[in-house]
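See structure below.
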Amino acid sequence: MKYTFIKLNLSVFAHYGPHLLFTFVFCCGFELIHNFAVPCRNFLRWLVPCAFILKTMPVYLQYYFWLIAASLSCFLLERLHPWRKQQKVLRKGIWQDLFWLAFNGHFFGLLFAIVAGKLVIGLNSVLYSWGWPVPQDIVLLIAAPLWVQFIVFFLLKDFVEWNIHRMLHNVPWLWEFHKLHHSIRELDWLGNFRFHWGEVIVYKTLSYLPLIILGVDATVLLIIAVLWTFMLNLNHSNIKFNWGPLRYILNSSAMHVWHHDEELHGKGGQNFGQVLSIWDWLFKTAYWPEDEQQPKQLGFANQSRYPKGLIRRLLYPFWKK
Ligand SMILES: [Zn+2]
Ligand SMILES: [Zn+2]
């Protein structure tokens, strides 16, 4: 009886074996595809509403519209009134800089937003479990008028970024990231986008807490983002421009060009300002000679050892030779 049972089972396996094997392979394959498909589906679920919002939102409320406007206006100004007249439109490194514009302005920004979003949720749940306030709930400026929110956010962001920029020059391992921006030999508006993805992480991480606790309106955030893009594009443009008597408050292309001077004029460099120049004048890190118009050479010392290829530059601080 026992023998018959085993024999029966074996015959069942012999009969259904290929089907079982096929089902097993199919399930494994499905599991593999499923594991890959879930993150893709989640990404699409996140992306589709974003695309829908972009389609339905008025164009002037979209950052990309202003990014194009800022880039085009600086490009036109450079064509109309070039400062370094010998500098060509299709200068050396322009194609790679277009990659940095797309990568830093869009792809890495998107990736960073997804990863940072997950990290913030994790951080908030830890703070919540400790009974601590969540930074987004502090909202110091929520009741203030929009113009007050704008001024406080603007001043704090610019001062925090001035400090981070100084750190990028004075902390050796951070300087390895920032070298990419200083590898520019021919400065123009597009050079504004030549920076390492590691810098984005440093800026966003260090400025996250002081800025998030202010809790400003989304309109203020958009105005600040647009203003930053216009001003920083302008500061890198190949045009001779300063703000006249306001030069001690606002940064300009005539001042920022000295930040890219190969020769250092202070500890770690000079003119670390983003939109405002006032911090450099106040803390004596400003350098703007009366007798000279422009630096003799842009870049940094021993630049010949810095890689030129895209992949090597993307990995540079982690993979130096
Ligand atoms: Zn710098
Ligand atoms: Zn610069």
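Of the two radii for segment 211-314, the radius of gyration is 1.04 times the Kirkwood radius, both from the alpha carbons; that is the Rg over Rh value.
Ordered by the count of other Cβ atoms within 10 Å of each Cβ, fewest first, ARG166, ARG312, ARG305 give ARG305, ARG312, ARG166. Placing R0 at 41 angstrom, the Cβ-Cβ distance between HIS106 and LYS284 gives a FRET efficiency of 0.60 after rounding to 0.05.
Pairs of Cα atoms in segment 59-318 fall into 5 Å distance bins, from 0 up to the last occupied one, in shares of 1, 5, 11, 16, 19, 18, 14, 8, 5, 2, 1, 0, 0 percent.
Kirkwood analysis of the Cα pair distances in segment 162-217 returns a hydrodynamic radius of 12.5 Å.
Charges were assigned to the Cβ only: +1 to each Lys and Arg, -1 to each Asp and Glu. The resulting dipole of segment 59-318 about its Cα centre is roughly 760 debye.
When you count the other C-beta atoms within 10 angstrom of each residue and take the mean per peptide, 126-139, 220-233, 63-76 line up highest first as 220-233, 63-76, 126-139. For segment 135-235, the percent of C-alpha pairs falling in each 5 Å distance bin, counted from 0 to the bin holding the largest distance, reads 2, 12, 19, 22, 19, 13, 9, 4, 1, 0.
With all distinct Cα pairs included, what does the Kirkwood hydrodynamic radius of segment 187-265 come out to in Å, to one decimal, could you say? Hydrodynamic radius (Kirkwood, Cα only) of segment 187-265 equals 14.6 Å.
Across segment 239-256, computed HN-Hα scalar couplings (Karplus, 6.51 cos²θ - 1.76 cosθ + 1.60, θ = phi - 60°) run 9, 8, 9, 9, 8, x, x, 7, 5, 7, 10, 10, 6, 8, 5, 5, 8, 5 Hz from first to last residue, x flagging Gly and Pro. In this structure, the amide hydrogen of LEU276, modeled 1.01 Å from its nitrogen in the peptide plane, lies closer than 5 angstrom to those of ASN251, counting only residues at least 5 positions away or on a different chain.
Site pair LEU222 and MET167 shows an inter-label distance of 3.1 nm when each label is modelled 7 Å from Cα along Cα→Cβ. Our summary gives segment 59-318 a relative contact order of 24 percent, counting only alpha carbon pairs under 8 angstrom and 6 or more residues apart.
Only the coordinates and a few stated rules stand behind these numbers; no lab work does. Note that the structure is predicted; figures quoted are calculated from it, not measured. Cβ sites come from the backbone with ideal geometry, for glycine too, and all protein chains shown count toward neighbours.
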